[in-house]
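None of the figures in this text is laboratory data; all of them are computed from the coordinates on show. Note that the structure is predicted; figures quoted are calculated from it, not measured. Cβ atoms come from the backbone with ideal geometry, glycine included; neighbour counts cover every protein chain shown.
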Amino acid sequence: MHPVTLQSLWIGASLVIALVLRLIPMGAEWEPWRPPWVLLTLLYWSMVLPHRVGVGVAWLTGLFVDAATGAVLGQHALGYGVTIYLMLRLHAQIRSFPLVQQAATVALLLLPYMSILLWVRGVAGHPPRSWDYWLPLLSAVPVWLVLTLALGRLTRSLGAGPLTGDRST
């Protein structure tokens, strides 16, 4: 199979898995901690393969997430598009960071996304009732570490090169 086709299949499969993780019901006490699985997966691929996953892919994926979750159409699309644009502007620097610094930077990149969702929900008359709206910023850090390590093996097998500042791998 051609490497570009193989990359597309793996990117698509990982986004489907992320969407399934997004749709799995969680208990009320754990729901505020749900990381943005789809966006973290998009951030990973846009960092590693920026020529394959860009703002257009993020926008279309966001529309699909909006439809799948019953959200206001366009809110995830806008949030994903803005966040992936920022990653594309910074991907070379972020990719060279050590893994822990990458995770912290990704958490900061989630701020515009979460702010856009907060704004849309407020305009729609459904603002969050407490500060726990921001908890996914914290849960995204360990998820990024695991996601990067898991997808990193796959990416190296696809020939995309080193993923972090750690050049020993």
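Based on the mean of other beta carbon atoms within 10 Å per residue, what is the order of 142-152, 88-98, most packed first?
Values: 142-152: 16.8, 88-98: 14.3.
Descending packing order for the listed peptides: 142-152, 88-98.
Taking Trp37, Trp131, Trp119 as the candidate residues, the one with maximal mean-square fluctuation in a Gaussian network model of the chain, Cα springs under 10 Å, is Trp131.
Counting 0.36 nm for each residue step from Gln93 to Arg34 and taking away their Cα separation leaves a gain of 18.5 nm. Among 55-63, 21-29, the peptide with the highest mean count of other Cβ atoms within 10 Å heads the list, and the full ranking is 55-63, 21-29. Result for the chain in a Gaussian network model with C-alpha springs under 10 Å: among Ser115, Ser46, Ser157, the largest mean-square fluctuation is at Ser157. How high is the FRET efficiency between Val16 and Tyr85 when r is their beta carbon distance and R₀ equals 35 Å, given to the nearest 0.05? Once the sixth-power term is evaluated, E becomes 0.90. Residues in the stretch 30-35 carry Karplus couplings, in order, of 9, 3, x, 8, 4, x Hz; the curve used is 6.51 cos²θ - 1.76 cosθ + 1.60 with θ = phi - 60°, and Gly or Pro positions show x.
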